[in-house]
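J.: Provided herewith is a single structure, encoded as structure tokens, for subsequent inquiry.
The values are calculated or read from the model by the stated rules, or taken from the named source; none is laboratory data. Here the structure is a predicted model, which is why all the values come from computation and not from measurement. Cβ placement follows ideal geometry from the backbone for every residue including glycine, while neighbour counts extend to all protein chains displayed.
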Amino acid sequence: MKVFGHGSMERRLGAQDVKDICAATLAELPLDGKRVLVLIPDHTRHAPIDLFFHVLSDLLLTRVKALDYLVATGTHAVMESERIYRHVGLTASEHRQKYAKIHFFNHQHHKLDELVSLGTLPGDEVAQLTQGLFSQDIPVTINRKATEYDHILIVSPVVPHEAMGFAGGNKYFFPGIAGLDVVEKFHWLAAVITNPVINGVKNTPTRRVIDRVVEFLPTPRTCFAFAIDGRHQLACLFAGAPEAAWSQAADYSARLHIKYLDKPYHRVLGLTPAIYEDVWVAGKAMYKLEPIVADGGELVIHGPHVKAVSFMHGAEIERVGYHVRDYFVKQWERFADESKLILAHSTNVKGVGTFAGGVERPRVTVTLATSIAKRTCDAINLSYRDVHAIDLESWKADKDTLVVEEAGQDLYRLKDGAS
């Protein structure tokens, strides 16, 4: 399929650009009288989902037999109805009147009766895709709805990502609406490679795995992939086959979302956006800022709106705690039965480090300055600061401190040769 769309580092796309690109794309698709499912991200992503909802719905409602939206929650908590309405720019009364034909659903990865098996990716192929790093068979399961429609549309923001290299594209199937088997495997694979090596790279083993397993899904699919700037305006929009549209948007994301600094900082304060309400997503501040923290330095994840370790996985994380990769790898008999998804999250938040002679040595200290109590921070092996005691102006004035707004969106790296 031809890729529609365009982008610019100078001129931002407006609503009319989005309408024109979507209209041109949909005109090429044989959707008349068909059942169409639209995958959208949840509220933890910066994206104009309300604009896409209205554009796609208004273009399709008179053409298709059914038009439904599935929130690709991945491993996040579900969105309640009122939150979905705000997310798509809709009121309950508008839903009942103009958009009554549309249904909204949440993916729930833990509800096995909502999943269907697509088969198994054999270990020898996994080894080939991961260059020998992993060789286990991967059972491929996905939300049953992906097999019950005639066509799937993906609304896909693209940013650097700790497990995929760049988010978006086929990631909206795996982990977006997948079962845990494949999700756990590729998250742990990325964690073993480590976040600083994976993040912001297009051709990663994990991307190769998900692009392969999505071929198990027979339903035709089209992706609307885009990248937004720091003011949440669209720099590009590409629509077409998921792999091709994602690739072009990822090129823009690399230019928009990767910042290069001349030196590392001993202390980095990441001010997380309000959409990150637990450490499960606020940990992105560490994922994106780890490369610019000096050895022995401190990364502070800041946000009074961060109220929990994880709404979905809190008990598992509190049992395991946060540790460097080798803490798990070198004590595998202790952790072999733990969820690899939890271990991956744990080590990505804790960062790179060593474990030898029974002593764990993280490269940097990770501190929570949130609404999470000190006793919880101590129990999960993260440092604590009183969020209300941090004077932002004095931290900004400190030459050894970098304060980053909306931490977790942009990836920071050191320039070649910087030290």
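J.: Residues to consider are ALA227, ALA245, ALA250; find the one that is in a strand (DSSP E or B), in the same structural domain as PRO30 (by TED's automatic domain parsing), crowded, with 21+ Cβ neighbours inside 10 Å and not basic (Lys, Arg).
T.: ALA227
J.: Of everything in the range 119-144, what is of a type outside the set (Val, Ile, Thr) and either crowded, with 21+ Cβ neighbours inside 10 Å or not assigned by TED's automatic domain parsing to the domain that holds ARG212 (or both)? Give them in sequence order.
T.: Residues satisfying the conditions are LEU121, LEU129, ASN143.
J.: Name the residues in the range 2-44 that are surrounded by fewer than 20 Cβ atoms within 10 Å (Cβ to Cβ), closer than 19 Å to ILE152 by Cβ and modelled with pLDDT under 95, would you?
T.: Passing the criteria: only LYS2.
J.: For LEU341, only one of the following conditions fails: (1) of a type outside the set (Phe, Trp, Tyr); (2) within 28 Å of GLY74 (Cβ to Cβ); (3) surrounded by fewer than 16 Cβ atoms within 10 Å (Cβ to Cβ); (4) in contact with a Ser or Thr (Cβ under 7 Å, 6 or more places away or on another chain). What is its number?
T.: Of the numbered conditions (1) of a type outside the set (Phe, Trp, Tyr); (2) within 28 Å of GLY74 (Cβ to Cβ); (3) surrounded by fewer than 16 Cβ atoms within 10 Å (Cβ to Cβ); (4) in contact with a Ser or Thr (Cβ under 7 Å, 6 or more places away or on another chain), the odd one out for LEU341 is (3).
J.: State the number of residues belonging to the range 190-202 that are farther than 22 Å from LYS2 by Cα and either buried (at least 23 other Cβ atoms within 10 Å of the Cβ) or not aliphatic (A, V, I, L, M) (or both).
T.: 8
J.: Can I ask one more? Is the range 215-232 home to any residue that is without any contact (Cβ under 8 Å) to a residue 60 or more places away in the chain and more than 25 Å from ASP50 (Cα to Cα)?
T.: Within the range 215-232 (the criterion being without any contact (Cβ under 8 Å) to a residue 60 or more places away in the chain and more than 25 Å from ASP50 (Cα to Cα)), the answer is yes, since at least one residue qualifies.
J.: Another question, if that's okay. Provide a single number: the residues in the range 295-321 that are surrounded by fewer than 24 Cβ atoms within 10 Å (Cβ to Cβ) and either closer than 12 Å to VAL352 by Cα or of a type in the set (Val, Ile, Thr) (or both).
T.: Of the residues in that region, 4 qualify.
J.: Could you go through the range 181-188 and let me know if any residue there is over 17 Å from THR130 (Cα atoms), surrounded by 24 or more Cβ atoms within 10 Å (Cβ to Cβ) and of a type outside the set (Gly, Ala, Ser).
T.: no
J.: Take ALA285 and decide whether it is part of a loop (DSSP other than H, G, I, E, B), assigned by TED's automatic domain parsing to the domain that holds GLN409 and within 20 Å of the chain's Cα centre (by Cα).
T.: no
J.: Name the residue, out of LYS111, LYS98, that is free of Cβ contacts under 8 Å to residues at least 24 places away in the same chain and closer than 19 Å to CYS22 by Cβ.
T.: That would be LYS98, the only listed residue that is free of Cβ contacts under 8 Å to residues at least 24 places away in the same chain and closer than 19 Å to CYS22 by Cβ.
J.: Moving on. Out of the residues in the range 64-80 meeting the condition of being surrounded by fewer than 22 Cβ atoms within 10 Å (Cβ to Cβ) and touching a helix residue (DSSP H, G or I) at 6+ places or on another chain (Cβ under 8 Å), tell me which one is farthest from VAL309 (Cα to Cα).
T.: ASP68
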